[in-house]
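Some notes on the structure that comes next.
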Amino acid sequence: MSDDNPVLLDVSPGKMAVVTINRPEKKNAFDRDTINRLSETFDLLSKNTDEVRVVMLRGTGEIFCAGGDISWMKDAAGYTREQNIEDAEALAGMLYKLFHLPQLTIALVQGAAMGGGSGLVAACDVAIAQKDTQFRFSEVRLGLTPATISPFVIRAIGPKWARALFATAEGFDAQFAHMIGLVQYVVGDANELDDMAEHVARLGFGAAPGAIADAKKLVDDVAGHDINHGLMGDLAKRIANRRASEEGQEGLTAFLEKRKPSWLE
């Protein structure tokens with residue numbers, strides 16, 4: 001891809017994909033074109049699970065993502081209600097596709113993740129941030145609300161902190177993001193960011209790809225549900241299906257035979 005493309009995709013022979021928001025002059029803020037290209041990229045990745053097992057999301061330059069591009073938001077102010085709905089649905093759909101990718105997804109965050117940028121972080125399975133990274137759900141300062149990112153953020157940090165941070169637009173750093181669950185790992189600098197990314201990726205490659213996808217769906221389906229006989233019956237069927245699956249059989253057999261399973265070879 002050309003370097004002036006707002007979204008870059010690099011897939012290594014080792015089945016690692018790196019998706020990069022490539023608008024450093026705009027602090028990697030997204031406009032409609034960037035959102036559409038991210039959406040297309042996530043569509044492509046979701047259909048290529050044999051070629052891609054781990055997906056990393058990052059931003060070029062000093063800032064991960066500053067949220068919505070000012071020019072894009074200025075244009076949106078002149079849209080009709082129907083055009084605004086269509087525009088918001090594009091962003092919501094892109095985040096939905098990221099959240100539902102079957103691969104392990106890792107956000108590598110530096111500098112700042114503002115508004116929708118924090119939504120991207122929340123939509124990934126794992127987030128690693130440099131300690132000086134700044135976060136903010138800034139929408140209320142503009143008379144808006146973080147509606148499209150809210151499902152992913154609330155799942156990540158819970159309703160109490162979401163309510164507080166959405167309503168106040170208070171800024172916070174990576175350590176605070178770690179404390180509330182938005183970020184899983186905090187590192188010192190860019191080198192440590194890459195080292196931790198490599199560590200988490202190795203964990204992903206050590207697991208069966210189908211099992212990762214099912215484990216992600218398991219969390220989605222169980223979270224917030226009452227623990228009752230119906231739920232437990234469904235979960236029993238899920239583990240039974242996994243045990244009978246090709247991956248389950250291979251994993252158990254490899255363990256008993258004291259060898260590596262096929263996905264590690």
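The values are calculated or read from the model by the stated rules, or taken from the named source; none is laboratory data. Quick caveat: nothing in here was measured; it's all calculated off a predicted structure. Using ideal geometry, Cβ is built from the backbone for each residue, glycine included, and neighbour counts are taken over all protein chains shown.
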Test result for PRO146, under 14 Å from LEU95 (Cβ atoms), in the same structural domain as VAL109 (by TED's automatic domain parsing) and in a helix (DSSP H, G or I):
no
Among strands (runs of 3 or more DSSP E) entirely within region 81-142, at least 2 residues that are over 15 Å from the mean Cα position of the chain (by Cα) occur in 134-136
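Between ASP194, ASP221, ASP189, ASP234, which is assigned by TED's automatic domain parsing to the domain that holds ARG53 and farther than 25 Å from LYS15 by Cα?
Working: ASP194 fails: farther than 25 Å from LYS15 by Cα; ASP221 fails: assigned by TED's automatic domain parsing to the domain that holds ARG53; ASP234 fails: assigned by TED's automatic domain parsing to the domain that holds ARG53.
Sole residue among the options that is assigned by TED's automatic domain parsing to the domain that holds ARG53 and farther than 25 Å from LYS15 by Cα: ASP189.
From ILE70, ILE63, ILE85, ILE21, which residue is surrounded by fewer than 15 Cβ atoms within 10 Å (Cβ to Cβ), of a type in the set (A, V, I, L, M) and in contact with a Lys or Arg (Cβ under 9 Å, 6 or more places away or on another chain)? Reasoning before the result, please.
Details: ILE63 fails: surrounded by fewer than 15 Cβ atoms within 10 Å (Cβ to Cβ); ILE85 fails: in contact with a Lys or Arg (Cβ under 9 Å, 6 or more places away or on another chain); ILE21 fails: surrounded by fewer than 15 Cβ atoms within 10 Å (Cβ to Cβ).
Sole residue among the options that is surrounded by fewer than 15 Cβ atoms within 10 Å (Cβ to Cβ), of a type in the set (A, V, I, L, M) and in contact with a Lys or Arg (Cβ under 9 Å, 6 or more places away or on another chain): ILE70.
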Could you give me the residue pairs with C-beta distances under 9 Å whose first residue belongs to region 175-197 and is β-branched (Val, Ile, Thr), whose second residue is part of a loop (DSSP other than H, G, I, E, B) wherever it lies, and which are 6+ apart or on separate chains?
ILE180/GLY158; VAL183/THR133; VAL186/LYS131; VAL186/THR133; VAL187/LYS131
Check PRO24 against each of (1) out of contact with any His (no Cβ under 9 Å at 6 or more places or on another chain); (2) within 19 Å of ALA90 (Cα to Cα); (3) not aliphatic (A, V, I, L, M) and name the one condition it does not meet.
(2)
Scan region 73-82 for residues that are exposed (fewer than 14 other Cβ atoms within 10 Å of the Cβ) and either at pLDDT below 85 or touching a Gly at 6+ places or on another chain (Cβ under 8 Å) (or both) and jot them down.
LYS74, ALA77, GLY78, TYR79
Give the residue, chosen from ARG37, ARG53, ARG58, ARG32, that is touching a Ser or Thr at 6+ places or on another chain (Cβ under 6 Å) and charged (D, E, K, R).
ARG58
Within region 31-80, work out how many residues are part of a loop (DSSP other than H, G, I, E, B), within 27 Å of GLY204 (Cβ to Cβ) and of a type in the set (S, T, N, Q).
3
